[in-house]
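Scroll down for the structure; my scribbles are underneath it.
The values are calculated or read from the model by the stated rules, or taken from the named source; none is laboratory data. Everything numeric here is computed off the predicted structure, so don't read it as measured data. Ideal geometry is used to build each Cβ from the backbone, glycine not excepted, and the neighbour counts take in all protein chains shown.
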Amino acid sequence: MDHKQTIAMLTWINQVDPRVMLNEASAETWAYAMRNIPSDVAKQAVLEHYKAHENIAASPGAISKRAANIKNSRDAKTSAITAGPIVKHPNSWRSRNPEEWDRL
């Protein structure tokens, strides 16, 4: 997330929970904590935080950790679905006898 996206997210969080301060210092802190997190993942992390801990204000560290877990989970699901490379067995009959394979 860039600085503008962070300010927009911080404004959104402040509307949900006024305990989260909206000033330049907190915006810089949040921007630094969320620099490697996509905005959709950050928003999901905030929603999950308030779903689980309604009485605890969101903090940059807690949200960035939760967002990293969400991002890792998404990446793991994606990599589990995609097929790995095709491995040719070096001792297969086809690789040992290519002329005979072509003849057949």
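Scanning for something modelled with pLDDT of 95 or more, charged (D, E, K, R) and within 21 Å of the chain's Cα centre (by Cα), does the stretch 52-70 turn up at least one residue?
Checked the stretch 52-70: at least one residue is modelled with pLDDT of 95 or more, charged (D, E, K, R) and within 21 Å of the chain's Cα centre (by Cα).
If you take the residues of the stretch 72-87 that are part of a helix (DSSP H, G or I) and not hydrophobic (A, V, I, L, M, F, W, C), which of them is farthest from Thr11 (Cα to Cα)? Break it down into steps so the answer makes sense when it comes.
Within the stretch 72-87, the subset part of a helix (DSSP H, G or I) is 72-81.
When the remaining residues are screened for being not hydrophobic (A, V, I, L, M, F, W, C), the result is 72-75, 77-79.
Working: Asn72: 26, Ser73: 27, Arg74: 26, Asp75: 28, Lys77: 31, Thr78: 31, Ser79: 34 Å.
Result: Ser79.
Mind checking which pairs have a first residue in the stretch 1-16 that is within 10 Å of Ala27 (Cα to Cα) and a second that is assigned to a loop (DSSP other than H, G, I, E, B), Cβ under 8 Å, 6 or more apart or different chains?
Going by the 8 Å Cβ cut-off, the qualifying pairs are Thr6/Met34; Met9/Met1; Met9/Met34; Leu10/Val20; Leu10/Leu22; Thr11/Leu22.
Please verify whether the stretch 42-59 includes one or more residues that are more than 30 Å from Gln15 (Cβ to Cβ) and among the hydrophobic types (A, V, I, L, M, F, W, C).
Applying the first criterion (more than 30 Å from Gln15 (Cβ to Cβ)) to the stretch 42-59 yields none.
No; the residues of the stretch 42-59 include none that is more than 30 Å from Gln15 (Cβ to Cβ) and among the hydrophobic types (A, V, I, L, M, F, W, C).
If you check Arg96, Arg35, Arg74, which single one turns out to be free of Cβ contacts under 8 Å to residues at least 24 places away in the same chain and among the basic types (Lys, Arg)? Steps first, answer last, please.
Working: Arg35 fails: free of Cβ contacts under 8 Å to residues at least 24 places away in the same chain; Arg74 fails: free of Cβ contacts under 8 Å to residues at least 24 places away in the same chain.
One residue alone meets the criteria, Arg96.
Just the residues that are without any contact (Cβ under 8 Å) to a residue 12 or more places away in the chain and outside any helix (DSSP H, G or I), please, taken from the stretch 47-71.
Matches in the stretch 47-71: His53, Glu54, Asn55, Ile56, Ser59.
I want to confirm something. Restricting to the stretch 72-102 and keeping residues that are hydroxyl-bearing (Ser, Thr, Tyr) and closer than 30 Å to Asn36 by Cα, which single residue is surrounded by the fewest Cβ atoms within 10 Å (Cβ to Cβ)? Explain how you work it out, then say what you get.
At the first step, the residues of the stretch 72-102 found to be hydroxyl-bearing (Ser, Thr, Tyr) are 73, 78-79, 82, 92, 95.
In the following step, the residues that additionally are closer than 30 Å to Asn36 by Cα were identified as 73, 78-79, 82.
Numbers: Ser73: 11, Thr78: 9, Ser79: 9, Thr82: 6.
Checked the stretch 72-102; the qualifying residue surrounded by the fewest Cβ atoms within 10 Å (Cβ to Cβ) is Thr82.
Search the stretch 1-41 for residues being assigned to a helix (DSSP H, G or I) and touching a Phe, Trp or Tyr at 6+ places or on another chain (Cβ under 9 Å), and hand back the single one that is surrounded by the fewest Cβ atoms within 10 Å (Cβ to Cβ).
Once the filter is applied, the top-ranked residue is Val16.
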